[in-house]
Amino acid sequence: MESFLQQLINGISLGSIYALVALGYTMVYGVLRLINFAHGDVYMLGAYFGYYLSRLVQGRTPSHLLDAAVVMILSMIGCALIGVIMERFAYRPVRRASRLTLLIIAIGVSLLIENASQLIFGANPRFFPQLIPETHIHMGNLMLTNQQVIVLVTALALMILLNLFIYRSRTGKAMRAVSYNLDAAKLMGIDTDRIISLTFALGSALAAAGGILVSINIPGIDPLMGVMTGLKAFVAAVLGGIGNIFGAVLGGLILGLAEVMVAGYGSSTYRDAIAFLILIAILLFKPSGLLGKGQVEKV
Amino acid sequence: MLFSDMKKLRNMIPLALAMASFACLSACNKKDAGSSDNEILIGHYGSLTGATATFGQSAQKGIEMAVDAINESGGVLGKKLKVIVEDDQGKPEEAQTVATKLISKDRVVALLGEIASSNSLAAAPVAQANRIPMISPGSTNPKVTMVGDYIFRVCFIDPFQGLVMAKFATNTLKLKKVAVLRDIKSDYSVGLANFFVENFAKMGGTIVTDISYSQGDKDFTAQLTAIKAKNPDGIFVPGYYTEVGLIALQARKLGITVTLLGGDGWDSSDLWKIGGTALNGCFYSNHYSVDDPNPILQKFVKDYKTRYGKTSDSIPDAMAALGYDAALVLADAMKRANSTRPDSVRDALAQTKGFMGVTGNTTLDSNRNAVKPAVVLEVKVDDKGNGRNVFKETVSP
Amino acid sequence: MKRLLWIAGTIGALLLLQWGATALLLDGPIRQGPYYYQIIILAGINIVLAVSLNLTNGIAGQFSIGHAGFFAVGAYMAASVSYYGGPAIRGAVSFLPLVGQDTVVLILALAAAALATALAGLLVGIPSLRLRGDYLAIVTLGFGEIIRVLILNIDAVGGARGFSGIPKLSNFFWVYLLVAAVIATVWNLVRSSYGRAFQAIRENEIAAQAMGVDVTRHKVLAFVISSMFAGMAGCLFGHYTMYLHTNSFTFVKSFEIIIMIAIGGLGSIEGAVLGAVLLTVLPEAFRGFEGYRMIVYSLAVILIMIYRPQGILGQVSVIKRVRAHFITKKAAREAATKAASSAAKMPVKAEGA
């Protein structure tokens, strides 16, 4: 029982990471119908920005939490810029082309970022500085660190903020309009280019936040750290119903829990396979994901 | 109709031209290769990019240093050594392609590579068929040198290292119940784990659980929680330092205090940086100890620091050390053969005996595998991430 | 009869080429010969993969990104047949010369690979009935990863240590025979009622159904044929490299095949061929860039897609265009002469041949 509760904590902790990265996937997909495969690499860049920034920032502010907050916000801004540049130069020129074209460009951008990072940062893993000193929280025999709690709380806060932004603000409304119908939104006077840029900026900033939160908890970073996490986050987004914010969160948590339970109780050698099996099983019964809207076919 | 189609085709001409010029440019860039009067060409193929880029890049650093050291002291047979490096991206078929390229296009007289046994196994048949000697710095799978009599290695093979750690766990640490956490994606880790499990059980120990992770994973809490529930008195983690540091860290977070054991894949200063104090009191088997007064080793570590000290990895890992030795063993064989003819070099390589390199006293046996003693090291790291490995004991084959 | 002649001609030509390639590249005067030979073989394998994937992705419009999974199933299945069953098969046909025995083993391995992957294709094709677009894509991606994890866990095929000891049975002749077979099959399929049905499903599934196309059957058929060829490519790949490891079959490989067909021109057979050749040769040509090689490569992919979003050849078919050019000329000439001689004849057939 004890070990089960511990696995539950492990699963939620892992799931919240997938959820955070999945949010960016879902946002970009919702607006452009584009699977931005480079998203996982932006997550990696976020962690590397954090790595270099924290060398500058650490110890310069009154508290550890403030250190972490400054590093995170600066890194989010950095990645938002990367996201905007990526959209402007790689995706905008072919926005009207087929979706496969966009997808191939996304794969190309992802390869470019990975290979350039291996060249610039080196292939060896780096140690992400301890922005927040670790303390243990014991609950009986259960073990939780303050870092895990901070990650979870920040992730939740970011999700709520994002939700408020999309459903309560004017810009968020415009974003939803663009997502619903790009041409109609344009006719309504919405500056669609600006909204799409903004979507990329937001999504990339969230990925950067994910990168930093993960690195606080698991301090080894390397240029390919985004590949598997990105793929799993994408699976989480699809599982929950791609384009749906709560779906991404739900999908992330399910995937995290499933992986942990399989590795903990089933066969750890099949961990990745079972994550995908669950996905396939769910999609067979709910072809558009758990919370996704079934698309009405126009005849 | 055809006319308009032709127009479309014409649009493509600039693109085609650009691509052709790209290809031409890169082809023309290449200097005319081939052995010349004052150079001996050797090839190195490794994973310089891709998921296992750390291995190839480290080995390349070691080889570069060895070749420069050899050339500074007069080269081989009055000629300078020159290494041609090709990247195989960590893919077996690419390894085969670049081995073919190095042998047939560049006409190298010998090959160095690879670290991952999977890539060595794909390329070795090419070397064997062309009768070009190949030395693998770090492929521990016994099958690699079984490909043929032109394939050598300068590292331990899995059975030996597995035996060393099983002996150490049973005799020195008096462990009874050990959990195994292996990297299912790495042949090195799987092989080492298998031989450890076999030997440890033979010596009367119990394997309480044997579970796995995949190279590139970052979260090991699920496996570690499962291990904790089994209450082992030691955990054998035969992986690479890229994951082992994180495993140690997460184990301590979960309140697992028992010792971790591993193999030479742990050997890197990056391990200390990531794992930190969580690694204190952990042990691994290695080819050498930095405390060893062996002048070749001391010079290697010093040179490595001055040459690559600017980047994070200021202390060489096992791959760099093995790459260094592979190049030295090759140069030594050429000197003894007094020739660079591949078949003479092969014969000289097969007779390598008691060669003193960085990784200790290397002798190649009749199966072309390195026979050399292993050392067991204890990891000691302070809270700033500065570590050192303390020599515990030597185990001879 | 004509078809038989074609087949015999192709086989003859390939045998001749094989002889030439061996004489010139492998044992011959060209220094880089073996290197070029290796690239030509890998290009051939990639052509089969690209043309077969093009059937599902480009022609039937079912978005699959798990092609490396089928490739892996075929490679491991075939390798198991010749590794474990090879001696028995040779024993049974010991009256044949060695080349004949090799051929029998390889053909049986090919058949096993085709069968296994056809089944796998059926398995993956069925979810495609319910899923579309990105959801189907992620399921096929998942399938590829599941296959990879399963293979890692099967000790009989080496697991993480890789499958070694596979006999070298495939060569230029076999690889390009398969290339010819896949091109001929897809070419004929596209021009048959099946091909029209595939294209109808791609353009509009509901409309296709309304026109009486059996959507279920055709979708699954596309998956089965496409995966079968990928499996056979896997067989020849394994019997050429003599060693298999799951690192060759990650989702990155699936992405590579997708890039091939997108760069060449989605839906066009010639495009798939061009893309496969280009993506095999370019990384080799870029070796001069050393450390920057993969960066140049990814930039090239991005730039090609930005400046030619429809791929280099687009959806047009070069062969068709050349044929059309001559046929219209011929037709015009014939029509002119016929109109001059008598007006009561039937209109000229532009198709056929």
Can you tell me which condition residue A:201 does not meet? The list is (1) closer than 27 Å to residue A:58 by Cα; (2) crowded, with 24+ Cβ neighbours inside 10 Å, and all the others hold.
(2)
Need a quick list: helices (runs of 4 or more DSSP H) entirely within the range A:129-219 having at least 1 residues that are of a type in the set (S, T, N, Q), within 14 Å of chain B (Cβ to nearest Cβ) and free of Cβ contacts under 8 Å to residues at least 60 places away in the same chain.
A:146-168
Restricted to the range A:77-99, and to residues that are surrounded by 22 or more Cβ atoms within 10 Å (Cβ to Cβ), of a type in the set (A, V, I, L, M) and touching a Leu at 6+ places or on another chain (Cβ under 8 Å), which residue is farthest from residue A:195 (Cα to Cα)?
A:82
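Tell me the strands (runs of 3 or more DSSP E) entirely within the range B:84-194 that contain at least 3 residues that are more than 24 Å from residue B:245 (Cα to Cα) and out of contact with any Lys or Arg (no Cβ under 8 Å at 6 or more places or on another chain).
Ranges flagged: B:110-112.
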Do we have residue B:59 as within 14 Å of chain C (Cβ to nearest Cβ), buried (at least 24 other Cβ atoms within 10 Å of the Cβ) and small (Gly, Ala, Ser) here?
no
For residue A:238, work out the one condition from (1) at the interface with another protein chain (Cβ under 9 Å from one of its Cβ atoms); (2) surrounded by 23 or more Cβ atoms within 10 Å (Cβ to Cβ); (3) farther than 30 Å from residue C:204 by Cα it doesn't fulfil.
(3)
When only residues in the range B:165-181 that are crowded, with 19+ Cβ neighbours inside 10 Å and in contact with a Phe, Trp or Tyr (Cβ under 8 Å, 6 or more places away or on another chain) count, which is nearest to the other protein chains (Cβ to nearest Cβ)?
B:181
Show the residue pairs that are 6+ apart or on different chains and have beta-carbon atoms under 7 Å apart, the first residue being within the range A:87-100 and more than 9 Å from every other protein chain (Cβ to nearest Cβ), the second being assigned to a helix (DSSP H, G or I) and of a type in the set (A, V, I, L, M).
A:87/A:196; A:91/A:102; A:91/A:105
Out of the range A:248-270, which residues are crowded, with 24+ Cβ neighbours inside 10 Å and within 21 Å of the chain's Cα centre (by Cα)?
A:248, A:249, A:251, A:252, A:255, A:256, A:259, A:260
Counting only residues that are in contact with a Lys or Arg (Cβ under 7 Å, 6 or more places away or on another chain) and either without any contact (Cβ under 8 Å) to a residue 60 or more places away in the chain or closer than 24 Å to residue A:228 by Cβ (or both), give me the strands (runs of 3 or more DSSP E) lying completely in the range B:202-311 with at least 2 of them.
B:206-213
Looking at residue A:258, is it at pLDDT below 80, of a type in the set (A, V, I, L, M, F, W, C) and closer than 22 Å to residue A:21 by Cα?
no
Set A:252, A:256: member being in contact with a Leu (Cβ under 6 Å, 6 or more places away or on another chain) and either closer than 19 Å to residue B:223 by Cα or within 14 Å of chain B (Cβ to nearest Cβ) (or both)
A:256
So, residue A:52, is that one closer than 25 Å to residue B:216 by Cα, free of Cβ contacts under 8 Å to residues at least 24 places away in the same chain and away from chain C (no Cβ under 14 Å) or not?
yes
Please state which of the following conditions residue A:263 fails to meet, knowing it meets all the rest: (1) free of Cβ contacts under 8 Å to residues at least 12 places away in the same chain; (2) in a loop (DSSP other than H, G, I, E, B); (3) more than 9 Å from chain C (Cβ to nearest Cβ).
(2)
Has the range B:183-205 got any residue that is acidic (Asp, Glu), out of contact with any Gly (no Cβ under 8 Å at 6 or more places or on another chain) and more than 8 Å from every other protein chain (Cβ to nearest Cβ)?
no
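The values are calculated or read from the model by the stated rules, or taken from the named source; none is laboratory data. From a predicted model like this one, the values you see are computed outputs, not experimental measurements. Every residue, glycine among them, receives a Cβ derived from its backbone with ideal geometry; neighbour counts consider all protein chains shown.
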